[in-house]
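Notes follow the structure.
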Amino acid sequence: MTVKEYMKPANGSPAAGVPVVRECSHPLEALALWSGAGVCVADDAGRVSGRLEADDMLCAVADAFGADKADSLVEVVCGADVYSASRLAMAVEDADAPLLGIWCRRSAGNRVEALLRIGSPDPSAACRSIRRYGYQAMPLGGKADADLLTAQRNVDALRMILEI
């Protein structure tokens, strides 16, 4: 895993004071140098070959602390004035799932986008709980229809019993 996998192509020379990392650097090295203006990426000859911005760093950090197959991902979008990490954690824990990680960034229109890593292969219960807390939640990874499949199996079993 290197910053080269996440960078955007360079668009001109770097601004003064923007930190520079090499293409072969680990994303966490770039995170340690992070500034609000981003991080420039240089090739082996020292020429700027790309740039890491907030969304690139978010993806790199999420991959660095990547989810296990038994985990799932949920995207939450809300206004910056109502965002609360503790309320999101309570909502996830109300669904009997541990919150393993949370990555946030501001988006256009004073909104916050949060990516939650949940210790459950099925994010649907956590999404319902998060929605009850007033947030928009969308499952991104995991087996989102696991409870629906279980319900379908139960209905099929009940039909079979009733037909006997």
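The values are calculated or read from the model by the stated rules, or taken from the named source; none is laboratory data. From a predicted model like this one, the values you see are computed outputs, not experimental measurements. Backbone-built Cβ (ideal geometry, glycine too); neighbour counts: all protein chains shown.
Which residues, counting only those in region 59-105, are among the aliphatic types (A, V, I, L, M), at pLDDT below 90, surrounded by fewer than 16 Cβ atoms within 10 Å (Cβ to Cβ) and assigned to a loop (DSSP other than H, G, I, E, B)?
Across region 59-105, the qualifying residue is only 70.
Would you mind stating whether residue 56 is out of contact with any strand residue (DSSP E or B) (no Cβ under 6 Å at 6 or more places or on another chain), within 27 Å of residue 34 (Cα to Cα) and assigned to a helix (DSSP H, G or I)?
Considered against the rule, which asks whether it is out of contact with any strand residue (DSSP E or B) (no Cβ under 6 Å at 6 or more places or on another chain), within 27 Å of residue 34 (Cα to Cα) and assigned to a helix (DSSP H, G or I), residue 56 comes out as yes.
Test residue 50 against the criterion of being surrounded by fewer than 16 Cβ atoms within 10 Å (Cβ to Cβ) and not β-branched (Val, Ile, Thr), and give yes or no.
The answer is no for residue 50.
Looking at region 107-120, which of its residues are assigned to a strand (DSSP E or B) and free of Cβ contacts under 8 Å to residues at least 40 places away in the same chain?
Within region 107-120, 107, 111, 112, 113, 114 qualify.
Pull out all pairs, ordered by first then second residue, where Cβ-Cβ is under 6 Å, the residues are six or more apart or on different chains, the first lies in region 75-87 and is not assigned by TED's automatic domain parsing to the domain that holds residue 113, and the second is modelled with pLDDT under 90 and surrounded by 13 or more Cβ atoms within 10 Å (Cβ to Cβ).
none
Sort out which residues of region 7-19 are surrounded by 15 or more Cβ atoms within 10 Å (Cβ to Cβ) and either within 18 Å of residue 59 (Cβ to Cβ) or modelled with pLDDT of 75 or more (or both), and write them in order of number.
7, 10, 18 - these are the residues of region 7-19 that are surrounded by 15 or more Cβ atoms within 10 Å (Cβ to Cβ) and either within 18 Å of residue 59 (Cβ to Cβ) or modelled with pLDDT of 75 or more (or both).
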